[in-house]
Amino acid sequence: MEKRANFGSKIGAILAAAGSAVGLGNIWRFPYETGAHGGAAFILIYLLCILLLGIPVMIAEFSIGRHAKASTGSSYKVLVPGTAWKYLGYWGVLTGFLIFGYYTVVAGWTLEYLFDAGLNGFIGKTPQDFIHDFQAFSENPIRPLIWLFVFMIMTHVIIVKGVQKGIEKFSKIMMPILFILLIVLGFCSISLPNSIEGLKFLFMPDFSKIDGASMLSACGQTFFSLSLGMGCLSTYASYFSRDTKLVKTAFSVGIIDTMVAILAGVIIFPAAISVGIQPDAGPSLIFITLPNVFQQAFSGAPIIAYLFSVMFYVLLALAALTSTISMHEVSTAFIHEQFHFTRGRSASMMTMGSLMVGIIASLSLGVLKNLTIFNMGIFGFLDYLTAKIMLPLGGFFIAIFVGWYWNKQYSYEEITNGGTIMKHFFKVYMFVIKYIAPLGILFVFANGLGFI
Ligand code: TRP
């Protein structure tokens, strides 16, 4: 039998999972969801969701993946053969396929901005120019598709190179640099005039803004940002070694991911308000706000503005890449295990299929604008369907599987590494995954979809 690939070290496992979690979800999606749902109050619900839904489901996914030693698409067939649970695995593969398609569109945008920053194209532009430029670019029928294609190929190449050489090495170098740069940019943003308004928006909750829709968004953002609900991290966990500590890894990933999201908020909101861009500008928020930060914070030192902007987009693109490879891996590993095609061939099938999804999602912002589903454009619909419905639903069934169906002894072995660590925590965890997490998701659904 072929030896299953492994992450080389424990820290490698944490960083690879964190690399999957940290991405456009933190820096692009989190700020615009926070902006659209009123700021600080949304963030509080988000933090609650991370703790009560996100981390427990992450531990559950880790235990499933490591126990089955198979990607999510086949793990249930290994764990509980002959049952309908296998559809939960397929559901994850489908969800990941759809997310990968439209996520790569946005990842492609980061390359356009990198290109522009590299040619010193931000210089002398006003906030209005950036708004106009973003619109013109995202509606262009050709340019975003080229970047989409480039990004898919980059992902494809890393996936074909395999787990340790590709994924792990990459995350290890990139994550710390990204973090430092975000802190520097946070300081820059706070130093802008009027930044205090942005910080208030971010940290002073107005509870009147909370309703079913914002709860659904916070829950969706939790699953999206932590890469949960579709078996992405469960697939990664199948490459964890026996002595990786699942609980510790889950908390580490949760904390890193949350810190990056909050930092992104500290960068974006003070800057947006300072230059007069509304925090609820939607998916374009970071693409029109950030170039302004570089321009204004370093207006006396254009060379620094230049270096920082180039560096930032390099890191943003890389953060997106460590996330896209994790989504791609789910389908590639599944096709490889299921149909016994080579890894290369499996990866090509995934890349080509999702290219189609990506092209439609990208064009839906321009020439296909009038095509709508439930009053949403295709891009918005894909985002809504996957993040707010498919992922939480996947998370719900993962919790049900581990809490109610799967032999508790296996959970125990995984969480305690064979009875050696975290024995007391296990009871708490079982309670949360059995009752709190599923009921929490049901409650959010009932509110958000209008059943209550
Ligand atoms: N979490 C990543 C981000 O925030 C995106 C991502 C990677 C993802 N894998 C996933 C989202 C699986 C949902 C499911 O950018």
Residues within the range 278-315 that are among the polar types (S, T, N, Q), closer than 22 Å to S362 by Cβ and buried (at least 21 other Cβ atoms within 10 Å of the Cβ), tallied
1
Restricting the search to the range 384-434, which residues are open to solvent by less than 60 Å² (accessible area, probe 1.4 Å), away from the ligand (no atom under 16 Å from the Cβ) and β-branched (V, I, T)?
I400, V402, I415, T416, I421, V432, I433
Checking the structure you have, find out if any residue of the range 363-380 is more than 15 Å from the ligand (Cβ to nearest atom), under 30 Å from F426 (Cβ atoms), open to solvent by less than 40 Å² (accessible area, probe 1.4 Å) and part of a loop (DSSP other than H, G, I, E, B).
no
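If you go through the range 319-332 one residue at a time, do you hit one that is in a helix (DSSP H, G or I), within 16 Å of the ligand (Cβ to nearest atom) and farther than 30 Å from G65 by Cβ?
No, the conditions are met nowhere in the range 319-332.
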Mind checking which residues of the range 235-286 are among the charged types (D, E, K, R), away from the ligand (no atom under 16 Å from the Cβ) and either under 18 Å from the mean Cα position of the chain (by Cα) or not in a loop (DSSP other than H, G, I, E, B) (or both)?
K248
Among (1) within 15 Å of the ligand (Cβ to nearest atom); (2) open to solvent by 10 Å² or more (accessible area, probe 1.4 Å); (3) not small (G, A, S) - the single one L52 does not satisfy:
(1)
Residues located in the range 83-108, provided they are of a type in the set (S, T, Y) and surrounded by fewer than 24 Cβ atoms within 10 Å (Cβ to Cβ):
T83, Y87, Y90
Among the residues of the range 182-197, is there at least one that is under 23 Å from the mean Cα position of the chain (by Cα), aliphatic (A, V, I, L, M), within 15 Å of the ligand (Cβ to nearest atom) and closer than 29 Å to L391 by Cα?
yes
Any residue in the range 23-44 that is in contact with a Leu (Cβ under 8 Å, 6 or more places away or on another chain), charged (D, E, K, R) and crowded, with 24+ Cβ neighbours inside 10 Å?
no
Do we find a residue being open to solvent by less than 10 Å² (accessible area, probe 1.4 Å) and assigned to a loop (DSSP other than H, G, I, E, B) anywhere in the range 8-22?
yes
Provide a single number: the residues in the range 419-452 that are under 14 Å from S217 (Cα atoms), touching a Leu at 6+ places or on another chain (Cβ under 9 Å) and part of a helix (DSSP H, G or I).
6
Pull up the range 132-186, narrow it to residues that are closer than 22 Å to F122 by Cα and at pLDDT below 90, then point me to the one that is most open to solvent (accessible area, probe 1.4 Å).
V184
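The values are calculated or read from the model by the stated rules, or taken from the named source; none is laboratory data. Since we're looking at a predicted model, the values are computed, not measured. Methodologically, a virtual Cβ is constructed for each residue, glycine included, from the backbone with ideal geometry; neighbour enumeration extends over all protein chains shown. The area values use the complete protein model at the heavy-atom level, side chains included, leaving out ligands, DNA and RNA. Shrake-Rupley method; radii C 1.70, N 1.55, O 1.52, S 1.80 Å.
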